[in-house]
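Reading through the structure tokens given below for one structure.
Values quoted throughout were computed directly from the atomic coordinates according to the rules given, and no laboratory measurement underlies them. Worth saying up front: this structure is predicted, and the values here are computed from it rather than measured. Glycine also receives a Cβ, built like all others from the backbone with ideal geometry; neighbour counts cover every protein chain displayed.
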Amino acid sequence: MKSIFDEEAYAGVLDRLEKLTPDTQGRWGKMDVAQMLAHCQNPLEVALGRQALKRPNAVMRVLLKRFKASMYNDKPWKHGMATAPQYRIEPARDFKQEKSKLLELIKAFHNKKNSTSWKPHPAFGAFTHEQWGQMQYKHLDHHLAQFGV
């Protein structure tokens, strides 16, 4: 699985983001391109400690534990998969502003490529450094593919 910490994968994500325009149409799902850019910021903000998530109850944690490996493995996510309520972006967003913020977050996360200490994810628990990088890449890749880049 590729990782956002790998230079080639990182450069590829940045290149793909540059191909998006405000008029880029999604191939599946309900978000427009600006909403997708805003949506992709959330997992990066959580990983960087800039956004807090409420810890799920015990039953939900057990369910999420079964899903955890799919966050960073090679198996692609299904198209149109349900989005967690806290990650849904309902109001319209400004494409240029959201793209700029996402690029900044990706760069900040990539710059942690030598970090050895990560706080546990509020919902999924501990991830290794490698898993954090793979998870962020997989999420970005899924949504860039959603918009054809």
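Rounded to the nearest 0.05, the FRET efficiency derived from the C-beta distance between residue 96 and residue 69 at R0 = 25 Å is 0.10.
Summary value for the chain: 48 percent relative contact order, contacts being C-alpha pairs under 8 angstrom separated by 6+ residues. Highest mean packing comes first when the peptides 81-89, 2-10, 138-146 are listed by Cβ atoms within 10 Å, giving 138-146, 2-10, 81-89. In the structure shown, do any of 113/138; 75/138; 19/101; 75/113; 19/96; 2/112 have a Cα-Cα gap over 18 Å, and if so which? The pairs that break the limit, which is 18 Å between Cα atoms, are 75/113.
Among 12-22, 33-43, sorting by the average number of other beta carbon atoms lying within 10 angstrom of each residue, highest first, gives 33-43, 12-22. The convex hull around the C-alpha trace of region 88-148, projected and averaged over every direction, spans 5.3 square nanometres. Note that region 75-92 has calculated 3J(HN,Hα) couplings of 6, x, 6, 5, 6, x, 4, 4, 9, 4, x, 6, 9, 6, 10, 8, x, 4 Hz, one per residue in order, obtained from phi through the Karplus relation 6.51 cos²θ - 1.76 cosθ + 1.60 (θ = phi - 60°); glycine and proline are x. Proximity of backbone amide H atoms, modeled 1.01 Å from N, is registered between residue 121 and 126, 127 at under 5 Å, excluding neighbours fewer than 5 places apart on the same chain. Give, as a single signed number, the net charge of other residues whose beta carbon lies under 13 Å from the beta carbon of residue 131, with Lys and Arg counted +1 and Asp and Glu -1. Value of the local net charge: +1. Taking a sphere under 13 Å around the Cβ of residue 52 and counting the other residues whose Cβ falls inside, with K and R at +1 and D and E at -1, yields a net charge of +3.
Please state the charge dipole magnitude for region 50-149, taken about the Cα centre, from unit charges on C-beta atoms (+1 on K and R, -1 on D and E), reported in debye and rounded to the nearest 20.
That gives region 50-149 a dipole magnitude of about 320 debye.
The stretch between residue 53 and residue 128 holds 25.1 nm of extra length on full extension. This uses 0.36 nm per residue minus the Cα-Cα distance.
Evaluating kT/(6 pi eta Rh) at 4 °C and 1.567 mPa s, with the Kirkwood radius of the chain over Cα pairs in the Stokes-Einstein relation, gives 82 µm² s⁻¹.
Rounded, prolate or oblate, given the Cα gyration tensor of region 30-87, with a/c below 1.5 counting as rounded?
Oblate.
Ellipticity at 222 nm from helices only: DSSP H runs of n ≥ 4 in the chain, each -39500 (n - 2.57), divided by the residue count, give -15500 deg cm²/dmol.
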